[in-house]
Structures are given as C-alpha cells and as structure tokens.
Amino acid sequence: MAIWEFNRGEWTEAYVFLRLLGDGRIYGASADLLKDELTYIDIINIIRDEPDKCLIFERFIKDEIAYIQSFKGDEKLKIITAPELTKKATFLYEQIKNVTAGDRKIRVPEIQKYMEGLSIDSPKANLSESAKEKYGAKTDIIVTTEDSFDHVRTVGGFSIKSHIGSSPTLFNSSQSSGFVYKIVGCDVNGMHRLNYKEGFLDIISAIKEEYTLEFAGCRNEIFEQNLRVVDSRMDEILQKAILMHVGYLDGLDSTSIPEISKALAKLNPIGIRNPEVFYEAKLKAFLFASFAGMTASTEWNGRKKLTGGYIDVDRDGELLYYRAISDDIFENYLFKHTYVDRPDRGVSKALAVAEAKVAVDKNRELTDVERNKVIYKNGVSGPKNSKKGDFGYVYQDGDDFYIVINFQVRFR
C-alpha cells in the first residue's frame with residue numbers, strides 16, 4: 001500500500017471528517033466568525049461518494065454511547081465509537097499543527113492505517129462526477145445534518161478552509177488569472193531597466209515615475225467571461241483595485257477587502273451614483289462567486305450550486321460553519337475576513353531578470369547555458385522550474401511592452 005503524503009490542507013479534510021463524526025455537532029458562526037450557541041447542526045452521517053465506491057458513516061446512540069456504523073453500499077463494514085474518532089482527530093490536529101514551514105507534504109502513518117481500516121483510500125475525498133454535479137464543484141465533504149431550529153434533515157456538500165498553517169485561499173491565482181497592462185512610452189532599454197530592478201513593487205514604482213499603465217484586458221478570455229458573468233464591468237472594477245493594491249494608484253492603506261472597497265468608492269472608477277453601496281456589493285458578489293466555484297481557467301455559467309456550506313477550521317482546530325446561501329451573514333463574513341495577496345511570480349520572471357542583468361551590465365544576450373540554468377530544475381534539461389503565477393515582469397509583444405499583474409484572495 002502506498003504511503004500517504006499530503007499537505008496540511010488535505011490532512012485537515014481528514015481531521016474534519018474524524019472530528020465531525022466524533023463530536024456529532026458543529027455550531028454556526030456570525031459574520032465576525034464568533035460561535036453562535038443557538039445555531040448548530042447535528043451530524044447524521046458522512047458520505048464519501050467516490051468513482052469506485054460509496055461509503056457511508058452513520059452515527060447512532062446506544063446505551064448513551066455514540067457509535068458510527070460504516071457501510072459500503074448496502075454492506076455493513078465496521079462499528080466504531082465516537083470518542084475513538086475524536087481521539088484520532090485530536091492526534092491528527094497535533095501532527096498538522098506541528099508541521100515545519102519547509103515541509104510541503106507530510107506523513108501521518110497512524111492515521112493512514114486507521115482510515116484504511118475504514119476502507120478510505122485518502123485523507124481527501126475523491127468525489128465522483130455525479131457528486132460534484134449534485135453537491136457543488138468545491139465540495140470537500142458530504143454531510144447529512146439535522147438543523148437545530150426546525151430539525152429538518154438535509155444532505156449537503158461543504159467546503160473546508162483551514163487556518164492551521166498558512167491562510168487558505170478563496171480565489172486562487174493561476175497562469176490564467178490577472179490583468180494585462182500596456183506600458184505606454186516603454187522601449188527595449190526601458191524593459192531591461194525595469195526588469196533589472198527585480199523586486200515587483202520596485203518595478204511598479206519605476207513605471208509610475210517614468211511611464212503610464214493602460215489597461216489592456218484580462219489575461220485570459222475565460223477569466224474575462226467569468227468576471228462578466230458576475231457583473232458586466234467586473235473586470236474594470238477589479239483591475240483598478242489591483243492597481244491600488246500594488247501602489248500604482250494611491251488611496252489604499254490596507255490589503256483587506258473592506259479597505260479596498262472604501263478606496264474604490266472614493267476613486268469611483270466607473271462613475272456610478274452610489275459608490276459606497278455599489279463597490280461593496282460588487283466585491284461581495286465576486287467573493288461569493290469565487291466560493292461557489294468560479295475560477296480563472298474554467299468556464300463558469302453563474303450557477304451557485306452550494307448545497308451545504310462552508311466549514312472554517314481555526315488555528316486551535318475548532319470548527320464552525322456557515323450555510324451556503326447568498327445571504328448577508330455569509331457574504332459579510334467573506335467581505336470582512338478576506339484580503340488581496342500576490343502569488344509567486346514564477347520562472348519567467350527569473351528569466352526576464354537574468355536577461356535584464358546581462359543586457360544592462362554586459363550589453364549582450366543570455367547564452368543557452370545561462371538560460372538553461374534559469375529554466376530547468378537541474379540547470380541543464382528535463383523538468384522545468386514552475387511558472388506559478390507567471391507575472392510581474394515586463395515583456396515585449398510586437399512593438400509594445402506589457403506587464404501582467406496577478407493576485408489571489410485569502411482568508412485572514
């Protein structure tokens with residue numbers, strides 16, 4: 001059997017699975033991420049609907065002790081106690097919490113052995129296509145719950161976000177996300193002088209002093225389409241927000257979404273009559289769409305198919321949930337607890353810097369050997385270094401010069 005090696009987020013999905021079945025209840029949260037003692041859902045079962053099998057883990061009480069009966073289809077597999085699962089969850093939390101910064105993937109053999117004993121093949125559920133269609137593309141765990149208010153039982157897909165370790169992302173950057181800007185007045189020498197600076201904010205500062213940025217469009221046609229499904233002018237709004245975020249436009253004191261909203265209202269880039277209300281509403285719509293499944297690289301039809309909700313795992317391992325309905329509580333939570341961040345810039349940036357160094361310092365181009373040292377992991381050939389966000393350097397296209405500015409949105 002292969003050894004499980006997964007990152008913190010993937011192991012956290014196993015933690016939530018164990019913790020929910022063990023505790024049997026999860027409480028709701030306010031827009032400020034505070035526990036609401038009066039709002040909770042009881043866990044009836046957890047379903048792992050995967051391509052090759054469907055496992056169901058059902059809670060029941062006998063002689064005042066909580067048990068979990070597992071099924072594979074109609075076949076009964078195993079009965080375990082709830083306290084046993086809670087104990088395993090606590091152990092796993094300690095392993096996740098104590099991961100060192102340099103360890104991208106970790107092994108937890110005790111938990112692997114335990115979960116394999118439950119016929120589970122991975123800490124992260126591998127949902128079948130029918131389950132994704134039914135419960136939502138961003139579903140991490142399918143749970144049957146009973147509501148504290150009306151005691152109605154529902155089956156829903158929940159997304160899991162963990163604050164154990166680095167902040168989780170809401171909108172992920174990619175080589176499809178970001179905005180393209182033409183650098184008006186730039187030439188080849190200017191390109192090399194800008195890239196020579198290497199630091200992204202140094203490049204932006206120099207562009208601000210010497211040139212003018214002109215919005216050329218979204219980096220990817222699908223990204224542009226998806227933004228316009230949210231709002232017909234969403235790309236115009238966000239690109240101005242990103243220019244403020246990187247310091248090209250003044251007026252922003254913080255990277256938080258509420259502060260960006262205030263700065264947009266003051267700038268009012270598309271000239272509407274009620275900017276304080278308008279830009280906050282549009283940013284909330286973008287955040288909710290990102291939560292609901294919108295990405296930069298896959299066509300999105302605007303469907304906000306979220307049958308369950310969102311489970312937040314805080315740094316202490318505590319769980320709270322939000323219902324996935326587009327209401328004030330959840331949208332306000334997203335609005336208040338997210339910020340804009342920049343991803344890694346990738347190997348193309350490193351190559352642009354290397355080209356600039358030899359152009360400015362030695363008045364020549366890179367040799368093939370020098371180029372390969374930047375591009376390839378071993379400096380010669382084979383696997384290449386990651387492009388990652390692939391942005392933040394000046395490049396030439398025809399007679400014009402451009403820069404891509406990329407971004408991501410994280411929870412804080």
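The values are calculated or read from the model by the stated rules, or taken from the named source; none is laboratory data. What you see is a predicted model; the values in this text were computed from it and never measured. Glycine also receives a Cβ, built like all others from the backbone with ideal geometry; neighbour counts cover every protein chain displayed. For accessibility, only protein heavy atoms count, side chains too; no ligands or nucleic acids. Shrake-Rupley method; radii C 1.70, N 1.55, O 1.52, S 1.80 Å.
Brief remarks follow.
- Using the 1.4 Å probe convention, the accessible area of region 181-273 works out to 48 Å² per residue with neighbouring protein chains retained.
- Residue separation of residue 272 and residue 132 scaled by 0.36 nm, minus their Cα-Cα distance, works out to 46.6 nm of gained length.
- The gain in end-to-end length when the residue 35 to residue 329 segment is fully stretched comes to 104.5 nm, 0.36 nm per residue minus the alpha carbon separation.
- Per residue, in Å², the accessible surface of region 67-120 once ligands and nucleic acids are set aside, probe 1.4 Å: 60
- Among the listed pairs 284/349; 240/357; 76/113, those beyond 25 Å (Cα-Cα): 284/349; 240/357
- From the alpha carbon centroid of region 248-303 to that of region 340-373 is 33 Å.
- Accessible area of the chain belonging to carbon and sulfur atoms, whole % at 1.4 Å probe: 46
- Relative frequency of Cα-Cα separations exceeding 31 Å in the chain, percent: 48
- Distance between modelled label sites at residue 380 and residue 229, nm, 7 Å Cα→Cβ extension: 4.7
- With both labels modelled 7 Å from their Cα along Cα-to-Cβ, the residue 110 to residue 84 distance reads 1.6 nm.
- For region 247-322, the dipole from Cβ point charges (+1 on Lys and Arg, -1 on Asp and Glu) about the Cα centre works out to 480 debye, to the nearest 20.
- Among the listed pairs 97/124; 105/161; 62/88; 62/132; 97/336, those beyond 29 Å (Cα-Cα): 62/132
- Straight Cα distances below 16 angstrom link residue 373 to the aspartates and glutamates 355, 365, with same-chain residues fewer than 8 positions distant left out.
- The chain: calculated mean residue ellipticity at 222 nm from DSSP helix runs of at least 4, using -39500 (n - 2.57): -11500 deg cm²/dmol
- Estimated distance in nm for a label pair at residue 285 and residue 368, the labels positioned 7 Å out from Cα along Cα-to-Cβ: 5.3
- Per residue, the accessible area of region 281-371 comes to 44 Å², computed with a 1.4 Å probe over protein heavy atoms only.
- Hits among aspartates and glutamates - C-alpha to C-alpha of residue 388 under 18 Å, sequence gap 8 or more where chains match: 198, 341, 344
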